[in-house]
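The values are calculated or read from the model by the stated rules, or taken from the named source; none is laboratory data. Just so it is clear, the model here is predicted, and its values are computed rather than measured. Every residue, glycine as well, gets a Cβ built from its backbone with ideal geometry; the counts of neighbours run over all protein chains shown.
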Amino acid sequence: MKDRSAKDRNLVLRGETWYFRKTFGERTVWRSLHTTSVSTARLRRDDLLWKLDHGASMEPKPIPTIQQCLVAFEIVANLRGLKPVTITGYKSALRTIIRTCGRKGDFMYPVSILSRKMVLQYASSVLSQSKNKDRSRITIRSTLAQARSIFSKWAISEAYDNFTMPDSLRGFLNANPVRPVAVKYTCPGDDLRRATERAGCSLLGKNKPLYIAYSLCYHVGLRATEAKNAQWAHLAKTDGEHYRLRVKGKRDKVRYVPVHKEIVDSWGDANGNYILPGATRTARHTLITRTLASWMIEIGWDAYVYSKRAHELRKLRGSIWYTTYGAEVAQTWLGHDNVATTCKYYTDLTKHPEPLAS
């Protein structure tokens, strides 16, 4: 009991909130510690005692606004070397959650609006408007994970040192409103695979840009972003029948993918730096994500079963490699970190493989 009294000296509990209180002669310092956790209260109490002993300012740290957090996070994240697209994605995810819960404007709301209640409200809103519940659950978990990265341990210690984070944030970070969805690849049937090959070949004479987008995903097994960034300079001839394409994948990991000479010849002569036609990055993005996706739906790819569009063509190519050359070769050409990923999300076209140990 004596140990607990010593630990909690200068701490007063009012309702569910802890306060700091210390008297110096005729002066009494009284501060809310903005927490219901006694361990957090002790840390903040120790910080105030240090300031009193060293003559530092006793002004309480304010609770930041959402906008202040976004600005502070971006500064520290850039110093840490996070990619701009990653930072933008995290910020966009947080804004999406807040907007979905009915709050608009310039995000000058205090961080205290982020709570377990907001997480549940966001998940409920998304699911209520969804036709594919499993897909929505995946989206909810992904969006929450990105938004929560703004308040990861390193961000709180490095970016928000001048602020006090409210207790409600703990509920926002820990709430799990939906269960994980078991993802299993549904390999398209023979009829859809043959229809895709026929329709893809017919694009060569009808729509050359769309054909190249289809070919980079289906024949070369590239992700949409990799297809956008593929350049003619990255192609090198290995023998009379084959080229190899240098691909920079996730986390800048480089791999080399074989491409048959007939496929490269079908793309035509080099016109610009990028294999995928398009004067700008936006034009290439639209071609690979929207135009190709619409074409796939037209030829029979169910939008709910095969929701990733261009990535489904990559999965199909990976399954063909898996069947023809084995899991390890498919893993190398697809750029997976380990062979267990290849076995889990891709399939042998003659049987469903058991996942290998990672």
Q.
I need the full set of residues from the range 325-339 which are closer than 18 Å to LYS253 by Cα and either of a type in the set (A, V, I, L, M, F, W, C) or touching a strand residue (DSSP E or B) at 6+ places or on another chain (Cβ under 6 Å) (or both), in order please.
A. VAL329, ALA330, TRP333, LEU334, GLY335, VAL339
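Here's the yes/no breakdown for (1) exposed (fewer than 14 other Cβ atoms within 10 Å of the Cβ); (2) at pLDDT 75 or above; (3) of a type outside the set (Gly, Ala, Ser):
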position: ASP3; (1), (2), (3): yes, no, yes
position: ARG14; (1), (2), (3): yes, yes, yes
position: THR23; (1), (2), (3): yes, yes, yes
position: SER39; (1), (2), (3): yes, yes, no
position: LEU43; (1), (2), (3): yes, yes, yes
**Q.** Count - residues of the range 305-325 that are under 16 Å from THR291 (Cβ atoms) and touching a residue at least 12 places away in the same chain (Cβ under 8 Å)
**A.** 5
**Q.** Leading residue by the ranking (surrounded by the fewest Cβ atoms within 10 Å (Cβ to Cβ)) among those in the range 229-243 that are farther than 15 Å from TRP267 by Cβ and touching a residue at least 12 places away in the same chain (Cβ under 8 Å)
**A.** GLY240
Q: Considering each of GLY221, GLY318 in turn, give the residue that is within 17 Å of PRO188 (Cβ to Cβ), in contact with a strand residue (DSSP E or B) (Cβ under 7 Å, 6 or more places away or on another chain) and surrounded by 15 or more Cβ atoms within 10 Å (Cβ to Cβ).
A: GLY221
Q: Read through the list (1) touching a helix residue (DSSP H, G or I) at 6+ places or on another chain (Cβ under 7 Å); (2) at pLDDT 95 or above, then give the number of the only condition that ALA303 fails.
A: (2)
Q) Got at least one residue in the range 155-167 being within 15 Å of HIS311 (Cβ to Cβ), among the hydroxyl-bearing types (Ser, Thr, Tyr) and in contact with a Lys or Arg (Cβ under 8 Å, 6 or more places away or on another chain)? A) no
Q) In this structure, does ALA77 turn out to be within 16 Å of the chain's Cα centre (by Cα) and either surrounded by fewer than 16 Cβ atoms within 10 Å (Cβ to Cβ) or in the same structural domain as LEU49 (by TED's automatic domain parsing) (or both)? A) no
(Q) If I go through the range 143-190 residue by residue, how many of them are surrounded by fewer than 17 Cβ atoms within 10 Å (Cβ to Cβ), in a helix (DSSP H, G or I), among the charged types (D, E, K, R) and without any contact (Cβ under 8 Å) to a residue 40 or more places away in the chain? (A) 2
Q: Six or more apart or on different chains, Cβ under 8 Å: which pairs go from a residue in the range 329-346 that's more than 17 Å from TYR256 (Cβ to Cβ) and in contact (Cβ under 8 Å) with a residue 40 or more places away in the chain to one that's of a type outside the set (Val, Ile, Thr) and in a helix (DSSP H, G or I)? Could you list them?
A: TYR345/LYS315; TYR346/LYS315; TYR346/GLY318; TYR346/SER319; TYR346/TYR322; TYR346/ALA330; TYR346/LEU334
Q: Quick one: count up the residues across the range 161-219 that are within 30 Å of ARG314 (Cα to Cα), aliphatic (A, V, I, L, M) and in contact with a Leu (Cβ under 8 Å, 6 or more places away or on another chain).
A: 6
Q) Which of the residues spanning the range 220-230 are within 9 Å of ARG317 (Cβ to Cβ) and among the small types (Gly, Ala, Ser)? A) GLY221
Q) Taking SER136, is it within 25 Å of TYR304 (Cα to Cα) and either of a type in the set (A, V, I, L, M, F, W, C) or within 15 Å of the chain's Cα centre (by Cα) (or both)? A) yes
Q. Could you list, in sequence order, the residues of the range 219-253 that are modelled with pLDDT of 95 or more, under 22 Å from LEU203 (Cα atoms) and of a type in the set (Val, Ile, Thr)?
A. VAL220
Q) Where residues in the range 254-272 are at pLDDT 90 or above and exposed (fewer than 11 other Cβ atoms within 10 Å of the Cβ), which of them is nearest to ALA224 (Cα to Cα)? A) VAL254
